[in-house]
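**Q** Let me give you the structure first, and then I'll get to my questions.
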Amino acid sequence: MKHPNHSPRRNLSHTNKTSHRRFFLKACAGAATAIVCPSVFAAKEQSMERKLSFYNTHTAEKMTATYWAEGQYIEDSLIDINNIMRDHRTGEVYPIDHQLLDLLHNLQKKVEKKDPFSIISCYRSPATNAMLNNKSNGVAKRSLHMQGKAIDIRLPGCDLNNLRKAALAMKRGGVGYYPESDFIHVDTGRTRFW
């Protein structure tokens, strides 16, 4: 006589085969996703363009340039950017760090503004930097401005403190805050703030 609480045995071999098959299919799907997705994401990134707009507050020059497309930097656009970011005191042009341009592009996306960045200061020749350092203790002797790795900016339509917070959140270099002069400093040096 069977015990009333005893249930009949199920066919476990069928259940185990189904379970193993599902596990195998899920594993295959996961592996396929891991293989395919990076190339899908890379293809999407390759197809995107990076564009920046600038207004130089000292020379009143304006420009908009797509500086990166199809997976590479665009030399003619970089030349134009180097020119608008030149030392406005001496006219000296210097290659601007591509990482700085990418930082600005990402910062603009982060604050969701498309207005041109107002350039307060970007490249500084050693002579200009020495002159400014003699006038103010706020100018570093070995400033990253002299290497084309720093820029002082504001972004019309974006609260300066919000711009600063967005730059800090990115953790991609130095961030200086100068509310009395209405600009922030960003650079591609080590992560720090003041």
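**Q** If you average the C-alpha positions of segment 152-194 and of segment 77-149 separately, how far apart do those two centres end up, in angstrom?
**A** So the two Cα centres are separated by 13 Å.
**Q** Can you compute 3J(HN,Hα) from phi for each residue in segment 134-151, using the Karplus curve 6.51 cos²θ - 1.76 cosθ + 1.60 with θ = phi - 60°, rounded to whole Hz and x for Gly and Pro?
**A** Calculated HN-Hα couplings, in order: 5, 7, 9, 7, x, 10, 6, 4, 10, 4, 5, 4, 6, 10, x, 10, 9, 8 Hz.
**Q** If you don't mind, there's one more thing I want to ask. Each residue of segment 80-92 in turn: what ³J(HN,Hα) in whole Hz from Karplus with 6.51, -1.76, 1.60 and θ = phi - 60°, glycine and Pro shown as x?
**A** 5, 5, 4, 5, 5, 9, 5, 5, 5, 7, 10, x, 5
**Q** Taking H placed 1.01 Å from N in the peptide plane, check which residues at least 5 places from TYR55 or on another chain put their amide H under 5 Å from its amide H.
**A** PHE117, SER118, ILE119
All of the numbers you see were taken from the coordinates with simple rules; none came from a lab. As the structure is a prediction and not an experimental result, all values here were calculated from the model.
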